[in-house]
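> This is the structure I have questions about; it appears just below.
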Amino acid sequence: MSSSANFDRIARPYRALEYLTVGRKLEQTRLHFLPRLETARNALVLGDGDGRFLASFLAANPTMKATAVDGSAAMLELLRRRCSRYARRLKTVQADALAFTPATDLPYDLVVSHFFLDCFTEEQLHQLIARITPALMPGGRWLISDFRIPPGRMHLPAHVFVRSLYLAFRILTGLHVTHLPDHAGCLSAAGFQCVGRQMFLSGILTTELWELKSH
């Protein structure tokens, strides 16, 4: 994410803030595709925050190794504590995702970014995908969860809700992004195709599974 944003100050209250805002809907969204990830063996997890998804993922997949990347030292500390029983299969890296260079000697078969890509401008998102894709094996998958502004009667309420979230995160973390990037367009342009999608909260939340097309 942008190096100017600092998520350390919201690390500890993040779970409570999430539940106060939308209950367990974000958790439900993150975990929806978990049963379809049982074949993953080497995963790159970007911005998992306090590690709730990664702990569930490592528990469900006892042969998988994971690399967790986050710019927040406080978030990574919470993640390591939550995933401590899986420490032998977990590597953590504190880094701005836009500056992180993944190793290519052992390609990843899965990338995970839950409620993370909305921290980037569209230009930055193109840059991020371009950095990560060479480290993903052909046919590798990218799991994404994010907010969206659906058409129809929920368009205006969703727009107000998302704008209020951006305002809150600007105040709390210094995040300068103000609107959702078109992650679908960015991934499609990079050679990915969507192979699964599920909506929650009247279409305001989405989780998607993308696959890198073989050439």
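The values are calculated or read from the model by the stated rules, or taken from the named source; none is laboratory data. A quick note: this is a predicted structure, and the numbers were derived from the prediction, not measured. Reconstructed Cβ throughout: ideal geometry from the backbone, glycine too, with neighbour counts over all protein chains shown.
> Identify the single condition in (1) surrounded by 15 or more Cβ atoms within 10 Å (Cβ to Cβ); (2) out of contact with any Gly (no Cβ under 7 Å at 6 or more places or on another chain); (3) charged (D, E, K, R) that Arg148 does not satisfy, given that it satisfies every other one.
(2)
> Same structure, new question: For the subset of region 14-56 comprising residues that are closer than 16 Å to Phe169 by Cα and β-branched (Val, Ile, Thr), which member is modelled with the highest pLDDT?
Step by step, filter region 14-56, then rank; the result is Val22.
> Could you check Val45 against (1) more than 21 Å from Leu201 (Cβ to Cβ); (2) assigned to a helix (DSSP H, G or I); (3) not hydroxyl-bearing (Ser, Thr, Tyr) and say which number it fails?
(2)
> I would also like to ask the following. Quick check on Ser56: is it small (Gly, Ala, Ser) and touching a residue at least 40 places away in the same chain (Cβ under 8 Å)?
Working: small (Gly, Ala, Ser): yes; touching a residue at least 40 places away in the same chain (Cβ under 8 Å): no.
When the stated conditions are applied, Ser56 does not pass them.
> Looking at Ala158, Ala130, can you tell me which residue is modelled with pLDDT of 95 or more, in a helix (DSSP H, G or I) and loosely packed, with under 15 Cβ neighbours inside 10 Å? Before the answer, list the steps.
Values: Ala158 fails: loosely packed, with under 15 Cβ neighbours inside 10 Å.
Exactly one residue qualifies, and that residue is Ala130.
> Here's something else I'd like to know. Are there any pairs, at least 6 apart or on different chains, whose C-beta atoms fall under 6 Å, with the first in region 67-87 and within 21 Å of Arg41 (Cβ to Cβ) and the second surrounded by fewer than 23 Cβ atoms within 10 Å (Cβ to Cβ) and aromatic (Phe, Trp, Tyr), and if so, which?
Sorted first by the residue in region 67-87, then by its partner, the pairs are Val69/Phe100.
> Now, a different point. Would region 178-192 turn up any residue that is crowded, with 19+ Cβ neighbours inside 10 Å and within 18 Å of Glu27 (Cα to Cα)?
Checked against the condition, which is being crowded, with 19+ Cβ neighbours inside 10 Å and within 18 Å of Glu27 (Cα to Cα), region 178-192 yields no hits at all.
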